[in-house]
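Here's the structure, in structure tokens; my notes come after.
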Amino acid sequence: MSSLDRRQFLESTALLGLTGSLFPSRLYEESSREGDITVEDIEKAEKIAGLKFTPDQREMMLEGLVDRLDHFAVLRDMQIPNDVAPCQFFDPELGSSATPRLDHRPDIEWMPSDMAVPSSEEDLAFSSVADLSSLLKSRKVKSLDVTELYLSRLKKHNTVLEAVVTYTEERAYRSAKKADEELDSGHWRGPLHGIPWGAKDLLSTAGYSTTWGAAAYKDQIIDKDAAVVSRLDEAGAVLVAKLTLGALAMGDVWFNGKTKNPWNIERGSSGSSAGPGAAVAAGLVGFAIGSETLGSIVSPSNRNGVSGFRPTFGRVSRAGAMTLSWTMDKLGPLCRSAQDCALVFSAIHGMDDADPTSVTTHFEWPVERSIAGLNIGYLKSRFETSYDNQEADHAVLNTLRSLGARLQPIELPDVPTGALLLMLSAEAGAAFDHLTLSRGTDTLVRQDPGAWPNSFRKSRFIPAVEYINASRARTMLIRKLRKVLEDVDVFVSPSFGGSTLSITNLTGHPSITVPNRFAPIEDAPDSPRRNPSSITFVGGLFKDAEMLSVAHAFQSVTDFHLRRPPIS
């Protein structure tokens, strides 16, 4: 085989639709090992792409394929940073909704009610954001004292839970002192003023490392606060710790351990918002900020028995947060209750110039509309299928009926979500392509078939045509789900099983996952240890407040969200 002329690659691959990652990846590997690409290499790559060319077509392609490798090499050498987004943006409404955009974030009307100082430090530590806000605003407790309490608890229990990457102690005391001075002078910034919180360690924080949970980045300093960190600073909240996440936002295994579940330390905290889930459940922070691409708020909320809120895509700026998927990543709070989630959200939502997908829309709390007479959908076929948490989930439906809600059976569109999730695989692979090319993935703790190193490598074999067609199929899904939800503002679903989690992450719909059961451990039924379970409420696009109000109504007549783990 003669040496190849690289000049014609552009024309041949563009005409044949081979400008995706499959051919360059496979052929680049072959050429780097053996020199020239051959028609046999092309034939091997065809099998993965589901294509079949004739010998003449392969010969015609051959001269151009090597030339295109130069273009890919140029892109690799550019080493594009993780925080640089593509020039195409995901719009969950497809530009067709009448949801109005605002030019500023509206104030909420919520004000704390008066309450007595808790009788013990533990009671104080497990206080809700709403109760802490009341105590701080009335000056019955000081932010410095609450900050010291949470830092002490974090250090005490972290030896077991492994939920902290970095303590932000100096920053915390500085912020708490400022909060106390302002509150003493009568200046109240709002519900979060003086309340200590924890950040999932994919949020950049000036002056501290941002490790993304991975050994390759454990010394990384991004010397600028993420947008959500800045907004919480503006709200007067006090950052006390950077909390763990599974390496590069997968699972609960990070570079220095495995985050444990405070309800049952024989189990992990789940992920990837592992540290936020464990810390909130154990009463180590007032609230935490996590992220979700495909279950990373829902899963640790379920495992740890906390309330986790995934807002509508675009309502919270992701600037300064590690990227996995530009079209699926969301940031949201993990708290003790739905109301706490609403109070945190009121401070962090809204448009940010640094995140072109972000928008400001109306948000009110408390929601004036009662859930009595509200049309709430439920996934009839899923609730009728036998599964472990079925009895507890049916009890939730009965509670909603007792509150006057009208339950309406619905079914989600039947779509091949696995095929659509090729988009996530491709985007995550692109976001960390430099790590794959440099063999930095070898430093990640998990190296099993389902872990990121294998996923990133496989993503190189997703053709661009398939990625675009998955995006088009996603458009069809969004339109189908819009039709399903025409008559309901909120629907309720088992947290797992079926396709709720994958569909609603693909479409950008908001959800809140709240505890509804604490099952005894089978081999130790008399132990205080438990395995939490949950129910999930899903809202229409930008109907986050309506969804939160339904979850709040459920929690107003139940006590699952008030229970405390043994942490041992």
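Values quoted throughout were computed directly from the atomic coordinates according to the rules given, and no laboratory measurement underlies them. Values in this document were obtained by computation on a predicted structure and should not be read as measured data. We place every Cβ from the backbone using ideal geometry, glycine too, and count neighbours over all the protein chains shown.
For the chain, what is the percent of antiparallel DSSP beta bridges, rounded to the nearest 5?
Around 70 percent of the beta bridges assigned by DSSP in the chain are antiparallel ones.
Would you mind checking which residues have amide H under 5 Å from G194's amide H? H placed 1.01 Å from N; only 5 or more apart, or other chain.
A237, V238
Rounded to two decimals, what is Rg over Rh for the stretch 75-127 when you use alpha-carbon atoms and the Kirkwood radius?
When Rh is taken as the Kirkwood radius, the ratio is 1.29.
What stretch of the chain, leaving out the sites themselves, is the longest with no GluC sites (Glu not before Pro) in a DSSP loop having at most 10 other Cβ atoms within 10 Å?
110-367
Under 20 Å from the Cα of K330, which lysines turn up, not counting those fewer than eight places away in the same chain?
Partners found: K200, K224, K242, K543.
To the nearest 20 debye, what charge dipole does the chain have about its Cα centre, counting +1 at the Cβ of each Lys and Arg and -1 at the Cβ of each Asp and Glu?
820
Charges at C-beta only: +1 for Lys and Arg, -1 for Asp and Glu. How large is the resulting dipole of the stretch 360-516 about its Cα centre, in Debye rounded to 20?
440
In nanometres, what is the gap between the two model label sites at D223 and I48, each 7 Å from Cα along Cα-to-Cβ?
Output for this residue pair reads 4.1 nm.
Given R₀ = 30 Å, FRET efficiency for D184-D123 by Cβ-Cβ distance, to 0.05?
0.80
Place a +1 charge on the Cβ of each Lys and Arg in the stretch 199-242 and a -1 charge on the Cβ of each Asp and Glu, then give the dipole magnitude about the Cα centre in debye, rounded to the nearest 20.
140
Find how much the distance from N256 to F89 grows on full extension, using 0.36 nm per residue of separation minus their present alpha carbon separation; answer in nm with one decimal.
Gain on extension, N256 to F89, equals 56.6 nm.
At a 10 angstrom cut-off on C-beta neighbours, averaged per residue, how do the peptides 394-400, 185-191 rank from highest to lowest?
Ranked from most to least packed, the peptides come out as 394-400, 185-191.
Highest first, please rank the peptides 438-444, 249-255, 48-54 by the mean number of other Cβ atoms sitting within 10 Å of their residues.
For the peptides 438-444, 249-255, 48-54, the packing ranking is 249-255, 438-444, 48-54.
Find how much the distance from H362 to S386 grows on full extension, using 0.36 nm per residue of separation minus their present alpha carbon separation; answer in nm with one decimal.
4.7 nm
Given H placed 1.01 Å from N in the peptide plane, which residues other than close sequence neighbours of N516 have an amide H under 5 Å from its amide H?
Excluding prolines and chain starts, which carry no amide H, the hits are S533, S534, I535.
Quick one: which of K52/K458; K155/K177; K137/K258 span more than 27 angstrom between C-alpha atoms?
Cα-Cα > 27 Å for K137/K258; rest within.
Compute the Cα gyration tensor for the stretch 204-332, then decide on rounded, prolate or oblate, letting a ≥ b ≥ c be the square roots of its eigenvalues: rounded whenever a/c is under 1.5, prolate when a/b is larger than b/c in the other cases, and oblate in all that remain.
Verdict is rounded for the stretch 204-332.
Given 37 °C and 0.692 mPa s, compute D for the stretch 440-482 with the Stokes-Einstein relation, Rh being the Kirkwood radius over Cα pairs; round to the nearest whole µm²/s.
262
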